[in-house]
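K.L.:
Just dropping this structure here.
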Amino acid sequence: MPLRFSLFLNRSAPAVETLQLSLRVVEEAQTELGALLTKLDTHKYGLTAEQARQRLRQFGHNEITHDLPSSWHGQLLHAFNNPFVYLLIGLAIASWLTADIQGAAVLLAIVLLSGVFRFGREYYSTQVAAKLRALVDVTATISRYNDLFPRERRQEIPIHKLVPGDIVHLSPGKMVPADVRLLEARDFFVSQAILTGESTLVQKHDTLGSQVEKIAIRYARPDPPDPLDTPTICFMGTTVMGGTARAVVVATGNQTYLGSLAQAIAGKRALTSFEAGVNRVTWLLISFMAVMVPIALLLNGLSRGQWDAAFFFAIAVAIGLVPQMLPLIVNLNLTRGTSVLAQQQVLVKRVDAIQNLGAIDVLCTDKTGILTQNQVSLAHHLDLLGQDSPETLNYAYLNSYYQTSVQNLLDAAVLAHSELASSLHLVTDYRKLGEVPFDFVRQRLSVVVEHRGQPLLICKGAAEEVLSLCSTARLQGRVVRLTEDLYRQSREIAQRLNSEGFRVLAIAYKRFSIPKEHYAVEDEFSLTLVGYLAFLDPPKESAREAIAALQAHQVAVKVITGDTEAIARKICQEVGLTVQRVYLGAVVERMTNAELAAVVEETTIFAKMSPAQKARVVRALKQQGHTVGYLGDGINDALALRDADVGISVDTAVDVAKESADIILLEKSLLVLEQGIREGRRTFGNLIKYIKMATSSNFGNVFSVLGASIFLPFLPMLPVQLLIQNLLYDLSQTAIPFDHVDEDYLAKPQCWSVKDLRRFMLWLGPVSSVFDYATFAVLWFGLGANTPEAAALFQSGWFVEGLLSQTLIIHVIRTAKLPLRQSTATLPVLVMTGLVMAIALLLPFTPMGVAFGFVPLPAHYFPWLVIILVSYCLLTQRIKVWYIQQFGKWL
């Protein structure tokens, strides 16, 4: 049985935060490594391929439950788990109880069709998503052992294939792929922000060493130990920030610490805004049914005295109010939206994020690589007088060469001077002794090397932070005191370079008389300032166009960066982003939530920001009612990506950023994102078209039925006929997902509004009723369908008029513009609406129509039909113009 540190949990039900490991953690952490590997049945060079396969079958994939796609049968059941489906099933049962077998059969057929289609779409989407995720999959470097050739062989595998006992190799920028016990570690630091929310780095060790006594004393207290304090254990989801390590996997999937947290909150995930919107629409229809159905029951029961028929008719009214194809149309829209976005180099990890993408009204973005080309070059290496300095470059090269933290473009630009490797005699004259890795609070990194028998600490980092640690300076080959004048002069050089668009790092050093066992942040003081490095990362040519397009679509762009204010201002100026206000991370840190909320909307640049501060800005914007997108690709963006309504990353991002994102861009460009936002709005717009058209049309039909039931001696339409009419009308709208959306609609963020939907129903529904009543008059007086014997003629005439008017009016309602002339539907919409109208005209003349109670219509009915349809379209167009003038929007 493999060792699983994450199982040693004393779980407190009221609060997930109290999850802690038992005292056995310390006992197991002190286990001699050989004994540990024996217990795990693991060779020092890793598992064999056959062992890995067996354990994968035994323990399952290394995935958290809430991230796992359901099995096919689970997805099939989920396809029918929908409030709307329950409503349709309830109506089918009611129809069956009232002996309307045909109506019940049609309703159940709709449920079956919708559920099977949804299952097919979700199953297909799951398979496609798996293939798409493979393009941006997170991998782990492992060791495999072969009995025939007893040596270590490294390979990359997807992290979901890790099993207990695997030997993994960890390096900066990588996500810890499972709960692991360190076997070897060198200057190894991790960020546990995903578990703690704190950006402070934690150093981990391959042995407890001198910390055993300290930890033992701490754990001797009656309080249970915090598992995150265990120095030899790294937890799934945390991020390697510095150093390298070799470790053995001790727990995977739900058995990890992160998995236990996920299980503790399983089932408590908040509804997405998309899911909440669909539910609000469902409850709106239920509320209308709660009013209309009793009215229908009472009117027919009291007027005719036949309460069984009245109940039967009330059920038909309930059916008539429901847009039965809503689940199907929703699925069609989301499927098409996902496919179109994939063609535009945008991968959707969570389908419901499409609607949020269209609703974004604030986009927060990092600067580097998004607004800039991400092609950094070292432009200058200067001394404190602003002159080119080979000495500054030499120290910088040593720092970049020996550091093991996350490799970045700045280090790459320094290491491009590869000729220094030989001139500095790195192999013979230098030996690395230690490292203090970069973190986002200190904003600097130090390495310690031995040079000619003496330890030398070389610090490289943000100019302000490094300068504040210096007491002396290197000036013209001599070490001098850093006076106020020299300090001010040094700052002015850095500020001038920033204002010219350069990113500036300072270089400083410190010599020790004797080596130390460990080097830490406390050693970074009394440094000697050497000079500055000036890097240039020019803005993207497409950035100005993209920002202008986003602003034209009413998306405010805010830059949240770790860089200085001066360089952020310069880049914003070059890409055409008007800067209103700027706040620095240090100022944000001192603000209360209320103070931050008061300034966050008017602020364009947040500079010198830590990861926690970035996330705090995102939360403040959300609290102000904005739908916030966050675009980032670095370790320091992970918290903000998780807190945003839509987390957006790129396929070249670090592991933790890709895992935190809802959407992945295959091209690192704001233009691609702008296209994605437009597609999100188009998808949502077509969905709203269907909901508004179907609900208002159905409401008008029911309104007409109620009125007719007062004076007609027979039912104006049989329940099965009403159901077929609704079904055919919904069928005509299955092409709506492929329709155009007006540019005016795409120009601004869109979100759910039940109030707007209710108003639309109440205004447009009665308009159709006016022409229904006109049809009633033609049928009653013109065609003589005014006796129970002529009920079939009346029902057939209203069926045709009702379905044709509903279908034809799609072309008026689908756009705020003048139909056909200013805005024409796409070919699929034209074909489907034409097909359904043809079916409506022909059905009364077919044997199937006779089976449903229809009769052929006389020729003199059709001129009246044309007059009514043309009048309906003209009046609806006029009301549409008035509605837009009154309420400022149409769809």
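The values are calculated or read from the model by the stated rules, or taken from the named source; none is laboratory data. The shown structure was predicted, so the numbers you read here are calculated from the model rather than taken from an experiment. Virtual Cβ from ideal backbone geometry, glycine too; neighbours counted across all protein chains shown. Heavy atoms of the whole protein, side chains included, go into the accessibility calculation; ligands, DNA and RNA do not. Shrake-Rupley method; radii C 1.70, N 1.55, O 1.52, S 1.80 Å.
K.L.:
Working only within region 369-387, note down all residues that are farther than 19 Å from residue 460 by Cα and assigned to a loop (DSSP other than H, G, I, E, B). It would help to see each step written out before you state the result.
P.N.:
To start, the set of residues in region 369-387 that are farther than 19 Å from residue 460 by Cα comprises 369-375.
369, 370, 371, 373, 374, 375 - these are the residues of region 369-387 that are farther than 19 Å from residue 460 by Cα and assigned to a loop (DSSP other than H, G, I, E, B).
K.L.:
Restricting the first residue to region 482-496 and requiring it to be over 14 Å from residue 383 (Cα atoms), which pairs with a second residue that is of a type in the set (A, V, I, L, M) meet a Cβ separation below 7 Å and a spacing of at least six or different chains?
P.N.:
Every condition considered, the pairs that remain are 495/566.
K.L.:
Only one residue in 309, 316, 262, 296 is part of a helix (DSSP H, G or I) and at pLDDT 75 or above, so which one is that?
P.N.:
Result: 296 is the single residue among 309, 316, 262, 296 that is part of a helix (DSSP H, G or I) and at pLDDT 75 or above.
Residue-by-condition table, conditions (1) open to solvent by less than 10 Å² (accessible area, probe 1.4 Å); (2) touching a helix residue (DSSP H, G or I) at 6+ places or on another chain (Cβ under 8 Å); (3) on the phi > 0 side of the Ramachandran plot:
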residue: 595; (1), (2), (3): no, no, no
residue: 600; (1), (2), (3): yes, yes, no
residue: 614; (1), (2), (3): yes, yes, no
residue: 618; (1), (2), (3): yes, yes, no
residue: 634; (1), (2), (3): no, yes, no
residue: 648; (1), (2), (3): yes, yes, no
residue: 664; (1), (2), (3): yes, yes, no
residue: 669; (1), (2), (3): no, yes, no
residue: 673; (1), (2), (3): yes, yes, no
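K.L.:
List every residue pair whose Cβ atoms lie under 8 Å apart, where the two residues are 6 or more positions apart in sequence or sit on different chains, the first residue falls within region 385-411 and is without any contact (Cβ under 8 Å) to a residue 24 or more places away in the chain, and the second residue, located anywhere, is part of a helix (DSSP H, G or I).
P.N.:
Every condition considered, the pairs that remain are 411/400.
K.L.:
Quick one: would you say residue 355 is in a helix (DSSP H, G or I), polar (S, T, N, Q) and at pLDDT below 75?
P.N.:
Working: in a helix (DSSP H, G or I): yes; polar (S, T, N, Q): yes; at pLDDT below 75: no.
The answer is no for residue 355.
K.L.:
Across region 342-376, what is the number of residues that are surrounded by fewer than 23 Cβ atoms within 10 Å (Cβ to Cβ), over 30 Å from residue 610 (Cβ atoms) and in contact with a strand residue (DSSP E or B) (Cβ under 9 Å, 6 or more places away or on another chain)?
P.N.:
Qualifying residue count for the region: 2.
K.L.:
On to the next question. Looking only at region 536-548, decide whether some residue is open to solvent by less than 60 Å² (accessible area, probe 1.4 Å), in a loop (DSSP other than H, G, I, E, B) and in contact with a Lys or Arg (Cβ under 7 Å, 6 or more places away or on another chain). First the steps, then the outcome.
P.N.:
In the first step, residues of region 536-548 are kept if they are open to solvent by less than 60 Å² (accessible area, probe 1.4 Å); the result is 537-540, 542-543, 546-548.
Restricting the remaining residues to those that are in a loop (DSSP other than H, G, I, E, B) gives 537-538, 540, 542.
Next, from what is left, pick out any that are in contact with a Lys or Arg (Cβ under 7 Å, 6 or more places away or on another chain): 537.
Looking for residues that are open to solvent by less than 60 Å² (accessible area, probe 1.4 Å), in a loop (DSSP other than H, G, I, E, B) and in contact with a Lys or Arg (Cβ under 7 Å, 6 or more places away or on another chain), one finds at least one in region 536-548, hence yes.
K.L.:
If a residue counts only when it is open to solvent by 60 Å² or more (accessible area, probe 1.4 Å), of a type in the set (Phe, Trp, Tyr) and in contact (Cβ under 8 Å) with a residue 60 or more places away in the chain, which helices (runs of 4 or more DSSP H) contained entirely in region 818-891 have at least 1 such residues? Talk me through it step by step, then tell me what you get.
P.N.:
Details: elements: 827-842, 847-851, 861-887.
So the answer is 861-887.
K.L.:
Quick check on residue 658: is it out of contact with any helix residue (DSSP H, G or I) (no Cβ under 8 Å at 6 or more places or on another chain) and among the basic types (Lys, Arg)? Steps first, please.
P.N.:
On the way: out of contact with any helix residue (DSSP H, G or I) (no Cβ under 8 Å at 6 or more places or on another chain): yes; among the basic types (Lys, Arg): yes.
Considered against the rule, which asks whether it is out of contact with any helix residue (DSSP H, G or I) (no Cβ under 8 Å at 6 or more places or on another chain) and among the basic types (Lys, Arg), residue 658 comes out as yes.
K.L.:
Condition check: closer than 22 Å to residue 412 by Cβ, in contact with a Lys or Arg (Cβ under 7 Å, 6 or more places away or on another chain) and in a loop (DSSP other than H, G, I, E, B). Does residue 562 satisfy that? First the steps, then the outcome.
P.N.:
Working: closer than 22 Å to residue 412 by Cβ: yes; in contact with a Lys or Arg (Cβ under 7 Å, 6 or more places away or on another chain): yes; in a loop (DSSP other than H, G, I, E, B): yes.
It is true that residue 562 is closer than 22 Å to residue 412 by Cβ, in contact with a Lys or Arg (Cβ under 7 Å, 6 or more places away or on another chain) and in a loop (DSSP other than H, G, I, E, B).
K.L.:
Moving on. For region 420-458, what are the residues that are at pLDDT below 85, touching a strand residue (DSSP E or B) at 6+ places or on another chain (Cβ under 9 Å) and open to solvent by 40 Å² or more (accessible area, probe 1.4 Å)?
P.N.:
Passing the criteria: 438, 440, 441.
K.L.:
Turning to a different aspect of this structure: So which residues in region 729-756 are at pLDDT 85 or above and among the hydrophobic types (A, V, I, L, M, F, W, C), if there are any at all?
P.N.:
735, 736, 738, 741, 746, 747
K.L.:
Being under 26 Å from residue 842 (Cβ atoms) and open to solvent by 10 Å² or more (accessible area, probe 1.4 Å) narrows it down to one residue among 793, 762, 779; which is it?
P.N.:
Details: 762 fails: under 26 Å from residue 842 (Cβ atoms); 779 fails: open to solvent by 10 Å² or more (accessible area, probe 1.4 Å).
Only one candidate passes the filter, namely 793.
K.L.:
Could you look through region 461-473, keep only residues that are part of a strand (DSSP E or B) and out of contact with any helix residue (DSSP H, G or I) (no Cβ under 7 Å at 6 or more places or on another chain), and pick out the one that is surrounded by the most Cβ atoms within 10 Å (Cβ to Cβ)?
P.N.:
Within region 461-473, the subset part of a strand (DSSP E or B) is 461-462, 470-473.
Of the ones still in play, those that are also out of contact with any helix residue (DSSP H, G or I) (no Cβ under 7 Å at 6 or more places or on another chain) are 461-462, 470-472.
On the way: 461: 21, 462: 20, 470: 23, 471: 13, 472: 17.
Filtering first and then ranking leaves 470.
K.L.:
When only residues in region 475-500 that are within 46 Å of the chain's Cα centre (by Cα) and open to solvent by less than 50 Å² (accessible area, probe 1.4 Å) count, which is nearest to residue 527 (Cα to Cα)?
P.N.:
490
K.L.:
Looking at residue 530, is it in contact (Cβ under 8 Å) with a residue 24 or more places away in the chain, more than 27 Å from the chain's Cα centre (by Cα) and open to solvent by less than 60 Å² (accessible area, probe 1.4 Å)? Talk me through it step by step, then tell me what you get.
P.N.:
Working: in contact (Cβ under 8 Å) with a residue 24 or more places away in the chain: yes; more than 27 Å from the chain's Cα centre (by Cα): yes; open to solvent by less than 60 Å² (accessible area, probe 1.4 Å): yes.
Against the criterion (in contact (Cβ under 8 Å) with a residue 24 or more places away in the chain, more than 27 Å from the chain's Cα centre (by Cα) and open to solvent by less than 60 Å² (accessible area, probe 1.4 Å)), residue 530 qualifies.
K.L.:
Only one of 694, 657 is open to solvent by less than 10 Å² (accessible area, probe 1.4 Å), modelled with pLDDT under 85 and either of a type in the set (D, E, K, R) or touching a Ser or Thr at 6+ places or on another chain (Cβ under 7 Å) (or both). Can you tell me which? Steps first, please.
P.N.:
Numbers: 694 fails: either of a type in the set (D, E, K, R) or touching a Ser or Thr at 6+ places or on another chain (Cβ under 7 Å) (or both).
None of the others qualify; the one that does is 657.
K.L.:
Now for a different question. Looking only at helices (runs of 4 or more DSSP H) that fall completely inside region 388-438, which ones have 3 or more residues that are under 37 Å from the mean Cα position of the chain (by Cα) and more than 16 Å from residue 460 (Cβ to Cβ)?
P.N.:
Details: elements: 390-402, 409-415, 419-423, 426-429.
Because the criterion is at least 3 residues that are under 37 Å from the mean Cα position of the chain (by Cα) and more than 16 Å from residue 460 (Cβ to Cβ), no helices (runs of 4 or more DSSP H) in region 388-438 meet it.
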